[in-house]
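What follows is a single structure, written as structure tokens, with notes after it.
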Amino acid sequence: LIPIAQAHAFVLASCSSLEPSRIEITAAEGHVLAESLHAPEDVPPFTNSAMDGFALKAADTRTVPARLVVVESVMAGQHTSTVVGDGEAIRIMTGAPIPRGADAVCMIEHTRSETGSVVVIEESLDPGTNVRNAGDDIAVGAEVFASGTFLGAAHIGVLASLGVSSVLVHPLPKVGVLSTGDELITKPGPLKPGKIRDSNRPALLSQLRRDGFAPVDLGVVGDDEVELTKVLEHGASVCDALVASGGVSVGDRDVVRLVLETLGGDAMRWMQIAVRPAKPFAFGTLGPTSVPVFGLPGNPVSALVSYELFVRPALRSMAGMQNLDRPRLSAIASVDLRRQPDGKVHLMRAIASRTEDGTLRVEPCGVQASHMLHAMADANALAIVPDGDGVAAGDRVEVLLLDPEQVEPPGSEGPW
Ligand code: AMP
Ligand code: MG
């Protein structure tokens with residue numbers, strides 16, 4: 001049995017970031033920038049008003065109320081060449097360019113209109129009040145985002161504000177998913193004796209999509225070396241990584257292990273990992289571009305746990321992302337987390353929640369067996385129970401948060 005960390009390091013050594021490519025910013029969300037980006041222009045591009053109000057000379061508001069003559073008005077999108085003189089103001093809307101001569105804007109709420117074209121200013125202003133200077137968000141030439149920045153919605157907005165239409169990013173890996181096993185059925189309808197429905201492929205495809213990658217459905221393959229070889233070779237020609245489930249144990253028909261031994265390149269390794277669930281695992285690379293192939297165990301819980309331990313971090317690394325693993329936090333066990341010593345770390349499907357004082361607590365959900373997927377559906381965390389007799393209620397235990405958004409108790413009112 002090898003430690004999780006060793007298998008993790010072995011896999012990551014063969015999964016370097018994908019060759020950068022240029023994409024439109026509208027498709028760039030969720031990608032990691034592969035270039036350092038400098039501002040081609042100022043944002044804002046011109047000095048403008050932060051308020052609806054009156055552009056004026058601050059010096060004219062030293063004694064208030066001050067009566068100023070309104071000589072013009074300028075809306076967002078317009079421009080005026082009129083210069084604001086002493087004792088004058090220009091009516092201005094948010095986002096409109098500050099006219100020449102003006103150095104402050106009095107917000108409309110602090111003014112009164114008088115008959116004719118006079119406005120009464122009721123507040124003394126310092127120069128620069130309610131003025132947004134050209135380049136005060138981003139100055140032309142400044143580094144906007146460093147290479148390695150993860151692009152979210154606000155980043156895309158910044159790029160758009162700069163007139164940048166495409167960026168160099170690490171592609172999100174295209175990941176082929178296949179299930180293996182003569183017992184697997186995909187069609188609806190009654191099951192023949194000995195057959196079961198394929199749950200790993202739909203679950204893995206969903207998880208990949210959720211994690212921001214591009215899943216490719218490669219279907220179900222029987223326990224047949226020739227057929228499996230064909231599917232893997234085709235998959236490696238159209239995908240950046242392949243994820244197979246089933247067929248990596250010590251059984252007679254465990255063909256993923258056998259086929260990867262033949263095809264899997266120098267990196268091929270079949271492992272027994274000191275963890276429960278997800279003990280058997282195979283990893284190799286295929287084809288001229290060394291496409292990583294993950295052989296996950298067939299048991300549905302094991303497949304998803306193995307995905308969390310090895311596949312997700314490896315794919316994140318291929319996408320150029322940092323923080324490859326799920327957050328690992330210290331929690332208090334709400335109940336005894338019982339187990340027997342067996343040389344393995346147990347990853348219990350669990351629910352983590354915060355108490356009112358902010359303490360993270362964790363309790364196991366459902367029966368901890370690797371064919372019982374329902375407990376995985378209920379879980380938002382895996383409790384990491386080290387080898388030994390378990391963790392007593394009230395003691396500390398580390399948890400891997402599978403779904404950080406769901407750590408609050410159900411029905412919690414939220415922060416506001
Ligand atoms: P294996 O790793 O191929 O020996 O499979 C271990 C267990 O997982 C067996 O009970 C299989 O029937 C089950 N299994 C394998 N693949 C799947 C799958 N795609 N969906 C549901 N169960 C599976
Ligand atoms: Mg099998």
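Bear in mind that the values in this text are calculations on the coordinates, not laboratory data. Because the structure is predicted, anything quoted here is derived from the model rather than measured. Here Cβ is always computed from backbone atoms with ideal geometry, including for glycine, and neighbour counts include all displayed protein chains.
For Asp342 and Arg197, what is the calculated FRET efficiency with R₀ set at 25 Å and r taken between the beta-carbons, to the nearest 0.05? It would help to have the intermediate numbers written out before the result.
Working: r = 30 Å, r/R0 = 1.22.
The value I calculate is 0.25.
How about the stretch 213-270: which GluC sites (Glu not before Pro) there are in a DSSP loop, with at most 13 other Cβ atoms within 10 Å of their Cβ?
Values: sites: Glu225, Glu227, Glu233, Glu261; in loops: none.
Passing sites in the stretch 213-270 do not exist.
Give me the net charge of Cys106's neighbourhood, meaning all other residues with Cβ under 12 Å from the Cβ of Cys106; Lys, Arg count +1, Asp, Glu -1.
Values: positive: Lys57, Arg91, Arg112; negative: Asp52, Asp60, Asp103, Glu109, Glu122, Glu123, Asp126.
Spelling it out: positives minus negatives among the neighbours equals -4.
When the Cα centres of the stretch 168-238 and the stretch 73-101 are compared, how far apart do they sit, in Å?
A separation of 63 Å, based on Cα centres.
Relative contact order, percent, of the stretch 1-111 when contacts are C-alpha pairs under 8 Å separated by at least 6 residues?
Values: 153 pairs, mean separation 32.0, N = 111.
Once divided by the residue count of the stretch 1-111, the mean separation gives 29 percent.
Pull out the extension gain between Ala393 and Ala369, defined as 0.36 nm times the separation in residues minus the alpha carbon to alpha carbon distance; nm, one decimal. Walk me through the numbers on the way to the answer.
Values: separation 24, 0.36 × 24 = 8.64 nm, distance 2.11 nm.
Result for the pair: 6.5 nm of gain on full extension.
With no solvent and one equal point scatterer per Cα, compute the Debye intensity ratio I(q)/I(0) for the stretch 193-299 at 0.15 Å⁻¹ and report its log10, rounded to two decimals.
-0.61
If you take the C-alpha gyration tensor of the stretch 262-320, multiply each eigenvalue by 5 and take the square root, what semi-axes do you get, largest first, in whole Å? Could you put the intermediate results ahead of the total?
Numbers: eigenvalues 81, 43, 14 Å².
Largest first, the stretch 262-320 gives 20, 15, 9 Å.
Within straight cross-link reach of Lys187, meaning Cα distance under 20 Å, which lysines are found once same-chain residues fewer than 8 apart are removed?
Lys195
Kirkwood Rh and Cα-based Rg: tell me the resulting Rg over Rh for the chain, rounded to two decimals. Let's see the in-between values first.
Values: Rg = 30.6 Å, Rh = 25.8 Å.
With Rh from the inverse mean 1/r over Cα pairs, Rg/Rh is 1.19.
At a 10 angstrom cut-off on C-beta neighbours, averaged per residue, how do the peptides 174-180, 247-253, 150-156, 49-55 rank from highest to lowest? Working shown, then result.
Working: 174-180: 25.1, 247-253: 17.1, 150-156: 14.6, 49-55: 22.7.
Sorting 174-180, 247-253, 150-156, 49-55 by mean packing, highest first, produces 174-180, 49-55, 247-253, 150-156.
When DSSP assigns beta bridges and you keep just the ones with both residues in the stretch 29-180, what percent turn out antiparallel, to the nearest 5?
In the stretch 29-180, DSSP labels about 85 percent of beta bridges as antiparallel.
If I take all pairs of Cα atoms in the stretch 226-376, what percentage of them are more than 22 Å from each other? Could the numbers behind the result be given before it?
Values: 5490 of 11325 pairs.
Summing the P(r) of the stretch 226-376 above 22 Å gives 48 percent of all pairs.
Using only C-alpha atoms and all pairs of different ones, pull out the Kirkwood radius for the stretch 204-246 in Å with one decimal.
On the way: mean 1/r = 0.0890 Å⁻¹.
Across the stretch 204-246, the inverse of the average 1/r is 11.2 Å.
Stretch Leu1-Val250 to full length: gain in nm at 0.36 nm per residue minus the Cα-Cα span? List each step's numbers first, then the result.
Values: separation 249, 0.36 × 249 = 89.64 nm, distance 1.38 nm.
Net length gain for the segment: 88.3 nm.
Based on the Cβ-Cβ distance of His234 and Arg22, what FRET efficiency does E = 1/(1 + (r/R0)^6) give at R0 = 25 Å, to the nearest 0.05?
Numbers: r = 28 Å, r/R0 = 1.11.
After rounding, the FRET efficiency stands at 0.35.
Out of all DSSP beta bridges with both ends in the chain, state the antiparallel percent to the nearest 5. Before the final figure, lay out each step's value.
Details: 59 of 86 bridges.
If I count the DSSP bridges inside the chain, around 70 percent turn out antiparallel.
I need the P(r) histogram for the stretch 353-416: all alpha carbon pairs, bin width 10 Å from 0 out to the longest distance, whole percents.
Pairs per bin, as whole percents: 18, 49, 28, 5, 0.
Please list the radius of gyration and Dmax for the stretch 35-152, considering alpha-carbon atoms only, with Å as the unit.
In Å, with Rg to one decimal and Dmax whole: 17.1, 59.
Could you work out the helix-only [θ] at 222 nm for the chain, with each DSSP H run of four or more residues adding -39,500 (n - 2.57) and the total divided by the number of residues, to the nearest 500 deg cm²/dmol? Write down the numbers at each step before the final one.
Numbers: 8 runs with 72 residues, N = 416.
That comes out to -5000 deg cm²/dmol.
Could you state, as a whole-number percent, how many of the C-alpha pairs of the stretch 1-75 are farther apart than 13 Å? Provide the component values of the computation, followed by the final result.
Details: 2292 of 2775 pairs.
Pairs farther apart than 13 Å: 83 percent.
What does the highest-first list of 208-218, 305-315 look like by mean Cβ count within 10 Å? Intermediate results must be reported in sequence, preceding the final value.
Values: 208-218: 17.5, 305-315: 23.6.
Sorting 208-218, 305-315 by mean packing, highest first, produces 305-315, 208-218.
Label Asp224 and Thr289 with points 7 Å out from Cα along Cα→Cβ: what is the distance between them in nm?
2.8 nm
Tell me the trypsin sites (Lys or Arg not before Pro) within the stretch 36-122 that lie in a loop according to DSSP and have at most 14 other beta-carbon atoms within 10 Å.
Values: sites: Lys57, Arg62, Arg67, Arg91, Arg100, Arg112; in loops: Lys57, Arg62, Arg100.
Filter output for the stretch 36-122: Arg62, Arg100.
Given H placed 1.01 Å from N in the peptide plane, which residues other than close sequence neighbours of Phe281 have an amide H under 5 Å from its amide H?
HN-HN under 5 Å from Phe281: Met271, Ile273.
Normalised by the residues of the chain, what does the relative contact order come to in percent, with Cα pairs under 8 Å and at least six apart?
That works out to 15 percent.
Apply 1/(1 + (r/R0)^6) to the Cβ-Cβ distance of His79 and Thr262, taking R0 = 51 Å, and write down the FRET efficiency to the nearest 0.05.
Efficiency for this residue pair is about 0.10.
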